[in-house]
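The values are calculated or read from the model by the stated rules, or taken from the named source; none is laboratory data. Source: prediction; values computed, not measured. So basically every Cβ, Gly included, is an ideal-geometry build from the backbone, and we count neighbours across all protein chains shown. Keep in mind that these areas ignore ligands, DNA and RNA; they rest on the heavy atoms of the full protein, side chains included. Shrake-Rupley method; radii C 1.70, N 1.55, O 1.52, S 1.80 Å.
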Amino acid sequence: MAVRAAALRYVAEDAPTGYGDAADRLVRAVRAAGVRVEYRGWSATHAGEAPELRPFTRDEHPRERAEPGAPTVAHLVPEYYPLVRGVLDGGPFVAHTVWETDRIPRHWPELLNATDLVIVPTQWNRQVFVDGGVDARVAVVPHVACEPVAGDRGNSLDLPDDVTVFYSIGRWDERKAMFHTVRAFLDAFTGNDPVMLVVKTGVRIEMPPVEQWGASHPMAWTTGWQVAHLVSGYRNPARIRLETGRWTDEQIAGLHERGDCYVSLARGEGWGIGAFDACAYGNPVIATGWGGPLEYLDDRHACLVRSRLVPVEHVALASYSTDQRWAEPDLRHAVQHMRTVASDLDTARARAAPLRARVLRDYAPASVAKRFIDALSTVT
């Protein structure tokens, strides 16, 4: 089959992550706008393997190839940029990235200033990057809203029809702080309440295990062990459903469809795909009121949790440091929001409805694609 010439090359993380999902939606939107895109996944993590561009597993048009000198957009963390550039044939190089604290990592400005354009999803991020020493042009292009399809309607979870389902999706680490969501839920409800929390995360935690509670046991590094530790502190704990398997897009959509209220008590988010998608489904959102999500969340239509800025403590010392700050959410305030939503879900949904309409309008594929194409035109 013939190779078709493309106007640009888009390199992204080929994984079901925030980076990967955001990239996939944008590429589809840009193609729908009539622009041909060579879509490639980046692999440089396996010992002994040379860095290379690989076919993206979700690519519906694998025959597209960028013309010589066409721009390359690298939707990756900046540490990969020198390696990606090393396998290209020249042309403008555009960084597409995001950050989650009030300061970017100390080594990022040098990497970002070597690019022709930097794209971030929020005005808040743009200011953080500029204040952090990024002299390259920084453009704001938000993420594309998901299409709120029913998926498997949550049937694979087989949840009772008569319970209010709170849910959260993310890694178990210091930043996402899924343990905050679990603790707030346990503080808010008991096993006698018609509620349930669904936690979609990985099998292993990505942070040191809780001290003085089986830390020497290998199971301490699992999310199941950590949830059990949190639950053990309550006499009559509310029901929690921990999901750690690899899910299909239909299952994720089904969770949004069946879920009643999304909860994110993260300490820092550059955007927050989980909360963003929950808005598209019309679900009430309880979220830490700081950082990137405020680009689309507001306190009239979302339950924003009070917080205070504190020094960052994170195991990834190369990128995180104590001179950075992120938000520590007020769990008591989160508990109040959870109880309010559970006591009158219809009112909570009515409050969230205008947010759903705004997200589906302002972040529609055609709208975001135009902003991306306009930003890219400055380097072509």
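Entry remark, region 148-163: residues being in contact (Cβ under 8 Å) with a residue 40 or more places away in the chain and either open to solvent by 20 Å² or more (accessible area, probe 1.4 Å) or out of contact with any Leu (no Cβ under 9 Å at 6 or more places or on another chain) (or both) number 10 in total. The number of residues in region 78-124 being surrounded by 15 or more Cβ atoms within 10 Å (Cβ to Cβ) and more than 24 Å from residue 9 (Cα to Cα) comes to 7. Output the number of the condition that residue 110 fails; it satisfies all remaining conditions of (1) farther than 21 Å from residue 371 by Cα; (2) modelled with pLDDT under 95. Against the list (1) farther than 21 Å from residue 371 by Cα; (2) modelled with pLDDT under 95, residue 110 comes up short only on (2). Is one or more of the residues making up region 291-308 open to solvent by less than 60 Å² (accessible area, probe 1.4 Å), within 25 Å of residue 201 (Cβ to Cβ), touching an Asp or Glu at 6+ places or on another chain (Cβ under 7 Å) and hydrophobic (A, V, I, L, M, F, W, C)? There is at least one residue in region 291-308 that is open to solvent by less than 60 Å² (accessible area, probe 1.4 Å), within 25 Å of residue 201 (Cβ to Cβ), touching an Asp or Glu at 6+ places or on another chain (Cβ under 7 Å) and hydrophobic (A, V, I, L, M, F, W, C). Exactly one residue among 242, 265, 317, 255 is closer than 25 Å to residue 102 by Cα and either crowded, with 18+ Cβ neighbours inside 10 Å or touching a strand residue (DSSP E or B) at 6+ places or on another chain (Cβ under 6 Å) (or both), and that residue is 265.
Per the conditions (1) of a type outside the set (Ser, Thr, Tyr); (2) at positive phi; (3) without any contact (Cβ under 8 Å) to a residue 24 or more places away in the chain, the sole criterion not satisfied by residue 282 is (3).
Total residues in region 154-187 satisfying the condition of being more than 15 Å from residue 262 (Cα to Cα) and of a type in the set (Gly, Ala, Ser): the figure is 1. Whenever a residue of region 344-361 is closer than 16 Å to residue 261 by Cβ, it has no partner that is at pLDDT 95 or above and loosely packed, with under 13 Cβ neighbours inside 10 Å lying with C-beta atoms less than 6 angstrom away and at least six residues away or across chains.
Taking region 153-201 as the range and being aromatic (Phe, Trp, Tyr) and assigned to a strand (DSSP E or B) as the test, the residues that pass are 166, 167.
Any residue at all in region 10-29 that is of a type in the set (Lys, Arg) and either modelled with pLDDT of 90 or more or open to solvent by less than 10 Å² (accessible area, probe 1.4 Å) (or both)? The answer is yes, given that some residue of region 10-29 is of a type in the set (Lys, Arg) and either modelled with pLDDT of 90 or more or open to solvent by less than 10 Å² (accessible area, probe 1.4 Å) (or both). For region 323-380, enumerate the residues that are outside any helix (DSSP H, G or I), open to solvent by 60 Å² or more (accessible area, probe 1.4 Å), among the charged types (D, E, K, R) and more than 18 Å from residue 289 (Cα to Cα). Across region 323-380, the qualifying residue is only 344.
Only a single criterion out of (1) within 18 Å of residue 349 (Cα to Cα); (2) not in a helix (DSSP H, G or I) is not satisfied by residue 274, namely (2).
Comparison of 78, 105 shows that the only residue that is in contact with a Ser or Thr (Cβ under 8 Å, 6 or more places away or on another chain), over 30 Å from residue 283 (Cα atoms) and in contact (Cβ under 8 Å) with a residue 40 or more places away in the chain is 105.
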